[in-house]
Amino acid sequence: MAINPAAVGHETEPHESSWTSKDALLYALGVGAGAVDPVGAELEFTTENSRDVTQRALPTMAVVLGAGSSSPLAPLGDVNFALMVHGEQGITLHKPLPVEATVRSTTRIAEIFDKGKAALVVLETKAIDTSDDQPMFTNRSSLFFRGEGGWGGDSGPSGSVAIPDRAPDLAVSATTRADQALLYRLNGDRNPLHSDPSFAEMAGFDKPILHGLCTYGFTGRLLLSAACGGNPDVFAGMEARFSSPVMPGEQLDVRIWHEPDVTYFRTSVGDRTVIDNGILHIRQA
């Protein structure tokens, strides 16, 4: 066991980063906006100069924003990053995401849990809008480091979500493009697992797989349309667990359950669940 459990609480120095209208457009295209109907309802996410249309940013774009120049994981010690798996992702939008802004962000190792055969590391990134010093968004990522557990530490909560055992209230679908990973990688994640066939083969895949956060973005875009009336102002956040990889070109089916105080969702490819334990947070308009 090489991981350093004492790394909990380590926080990076504040880091300023910016994005532009072009970045917001590229992200929207990367998660499928406009693919079915280029001149339809998603013009506000895919264009900046359409008549009588004001550009908006997709809420899930927060997952590619706010990263610092130094790795927040360095204090973990001598761990094998090749055995790291992105387990869960959550975002909280403290206010609607603008199409261009500058944020000051810090990333903290919030928790490290001992899962026996693996260590679960939870990172929390908080981004502050430099224009008014108010919180803009918070990202929370759970990373599994296989082979790093077993030191006798706290195993943490189970994290299971009780999705209703009944037919969904809504079901929506979208098909990813064969070149979806090549487009999405332009948002910053250049991991060759998603583009290089030889690298993907070494990792045990027949071909490059889609980024998990691209599947997450597709899911968020469908939730925005189906459960939030297409209004980013009421999309307050979402959290979910990654269950299985997606291959570019596959169809994503999102099922949605509305309960009095919470909205649940699950994303599948055929009979295979790819995103589970989904919770959508809706802000009152």
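In a residue-by-residue description of the range 22-33, the property of being surrounded by fewer than 19 Cβ atoms within 10 Å (Cβ to Cβ), at pLDDT 95 or above and assigned to a loop (DSSP other than H, G, I, E, B) applies to no position.
Among residues of the range 33-57 that are free of Cβ contacts under 8 Å to residues at least 60 places away in the same chain, those with a beta-carbon under 8 Å from a residue that is exposed (fewer than 11 other Cβ atoms within 10 Å of the Cβ) at least six positions away or on a different chain give the pairs G34/G40; E44/T54.
Just to be sure before I move on: is S244 hydroxyl-bearing (S, T, Y) and either without any contact (Cβ under 8 Å) to a residue 40 or more places away in the chain or surrounded by 22 or more Cβ atoms within 10 Å (Cβ to Cβ) (or both) in the structure I sent? Answer is yes for this residue.
Does the range 195-214 include one or more residues that are part of a strand (DSSP E or B), within 19 Å of L252 (Cα to Cα) and not assigned by TED's automatic domain parsing to the domain that holds P59? No, there is no match, as no residue in the range 195-214 is part of a strand (DSSP E or B), within 19 Å of L252 (Cα to Cα) and not assigned by TED's automatic domain parsing to the domain that holds P59. How do the pairs read when you match residues in the range 11-25 that are within 13 Å of R108 (Cβ to Cβ) with residues anywhere that are in a strand (DSSP E or B) and of a type outside the set (G, A, S), using Cβ under 6 Å and keeping only pairs 6 or more apart or on different chains? Correct list of pairs: E11/T106; E11/R108; T12/T106; T12/T107; P14/R104; P14/T106.
Screening the range 247-268 for residues that are surrounded by fewer than 18 Cβ atoms within 10 Å (Cβ to Cβ) and among the hydrophobic types (A, V, I, L, M, F, W, C) and picking the one that is farthest from A162 (Cα to Cα) gives M247.
Each row is one residue, and each column tells you yes or no for (1) farther than 19 Å from H15 by Cβ; (2) surrounded by fewer than 17 Cβ atoms within 10 Å (Cβ to Cβ).
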residue: G77; (1), (2): yes, yes
residue: T107; (1), (2): no, no
residue: F113; (1), (2): yes, no
residue: S131; (1), (2): no, yes
residue: P135; (1), (2): no, yes
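In the range 168-185 there is no residue that is closer than 30 Å to G77 by Cβ and part of a loop (DSSP other than H, G, I, E, B). Those strands (runs of 3 or more DSSP E) of the range 227-285 in which 2 or more residues are over 23 Å from A57 (Cα atoms) and β-branched (V, I, T) occupy 272-282. Taking the range 36-142 and the strands (runs of 3 or more DSSP E) fully enclosed by it, the elements with 2 or more residues that are within 21 Å of K22 (Cβ to Cβ), of a type outside the set (S, T, Y) and over 17 Å from the mean Cα position of the chain (by Cα) are at 101-114.
Pairing residues of the range 221-238 that are farther than 17 Å from H94 by Cβ with residues that are of a type outside the set (A, V, I, L, M, F, W, C) and assigned to a strand (DSSP E or B), at Cβ distances under 7 Å and at least 6 apart in sequence or on separate chains, gives A227/T263.
Among the residues of the range 161-209, those identified as polar (S, T, N, Q), more than 26 Å from I279 (Cα to Cα) and surrounded by 12 or more Cβ atoms within 10 Å (Cβ to Cβ) are N191, S195. Screening T46 on (1) at pLDDT 95 or above; (2) surrounded by fewer than 17 Cβ atoms within 10 Å (Cβ to Cβ) shows it passes everything except condition (2).
Here is a yes/no grid of residues against (1) farther than 29 Å from E44 by Cβ; (2) without any contact (Cβ under 8 Å) to a residue 40 or more places away in the chain; (3) touching a Pro at 6+ places or on another chain (Cβ under 8 Å):
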site	(1), (2), (3)
V63	no, no, no
L93	no, no, yes
E124	yes, yes, no
D129	no, yes, yes
D133	no, yes, no
T138	no, no, no
G150	yes, no, no
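Checking D233 against (1) under 19 Å from L25 (Cα atoms); (2) among the acidic types (D, E); (3) within 17 Å of the chain's Cα centre (by Cα), only one condition comes out false. Which one? It fails just one condition, (3).
The values are calculated or read from the model by the stated rules, or taken from the named source; none is laboratory data. Since we're looking at a predicted model, the values are computed, not measured. Every residue, glycine as well, gets a Cβ built from its backbone with ideal geometry; the counts of neighbours run over all protein chains shown.
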